[in-house]
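Visitor: This is the structure, below, for whatever I ask next.
The values are calculated or read from the model by the stated rules, or taken from the named source; none is laboratory data. Quick caveat, the model's predicted, so the values are computed rather than measured. Reconstructed Cβ throughout: ideal geometry from the backbone, glycine too, with neighbour counts over all protein chains shown. The area values use the complete protein model at the heavy-atom level, side chains included, leaving out ligands, DNA and RNA. Shrake-Rupley method; radii C 1.70, N 1.55, O 1.52, S 1.80 Å.
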Amino acid sequence: MIESKRDFCTHRASLIDKYTYNEKHFLIKSTFSEDRDLVSKTEYQYLQFDSHNNWIKRIQHGTFYDSYDSVIANHHNPKGDSTANGKEYNIQSLSTDTTTRKITYY
């Protein structure tokens with residue numbers, strides 16, 4: 001999947017998820033937008049692989065944005081410290097998570 005779009009009927013907004021993959025088909029970036037306003041972005045870094053080339057350890061770096069004209073956030077005239085799609089955003093929070101998994105082959 002490279003894109004998913006849902007209509008948020010209460011506010012007449014479209015919610016859009018986009019996914020980017022590398023040449024090995026591993027997810028490297030996902031974004032969530034509300035009517036083209038960036039809400040969050042997660043970037044993935046793969047650290048370890050098993051003997052079948054499946055990832056067993058990865059880091060997710062998440063960034064959450066607060067758009068000045070977002071329907072959900074509904075903030076007015078913030079001082080933007082990041083830009084995307086030609087708009088200014090305030091970075092609301094950052095997160096880093098590590099996922100480790102064990103795959104059993106039969």
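Visitor: Criterion first (hydrophobic (A, V, I, L, M, F, W, C), modelled with pLDDT under 95 and touching a Ser or Thr at 6+ places or on another chain (Cβ under 6 Å)) does Ile91 satisfy it?
Guide: yes
Visitor: Pick from region 1-31 the residues that are open to solvent by less than 80 Å² (accessible area, probe 1.4 Å) and farther than 23 Å from Arg101 by Cβ: which of them is nearest to the chain's Cα centre (by Cα)?
Guide: Among those that are open to solvent by less than 80 Å² (accessible area, probe 1.4 Å) and farther than 23 Å from Arg101 by Cβ, it is Thr31.
Visitor: Inside region 32-50, can you point out the residues that are surrounded by 14 or more Cβ atoms within 10 Å (Cβ to Cβ) and of a type in the set (Asp, Glu)?
Guide: Hits for region 32-50 are Glu34, Asp35, Asp37, Glu43.
Visitor: Checking Asn53 against (1) open to solvent by less than 70 Å² (accessible area, probe 1.4 Å); (2) over 13 Å from the mean Cα position of the chain (by Cα); (3) not β-branched (Val, Ile, Thr), which single condition isn't satisfied?
Guide: (1)
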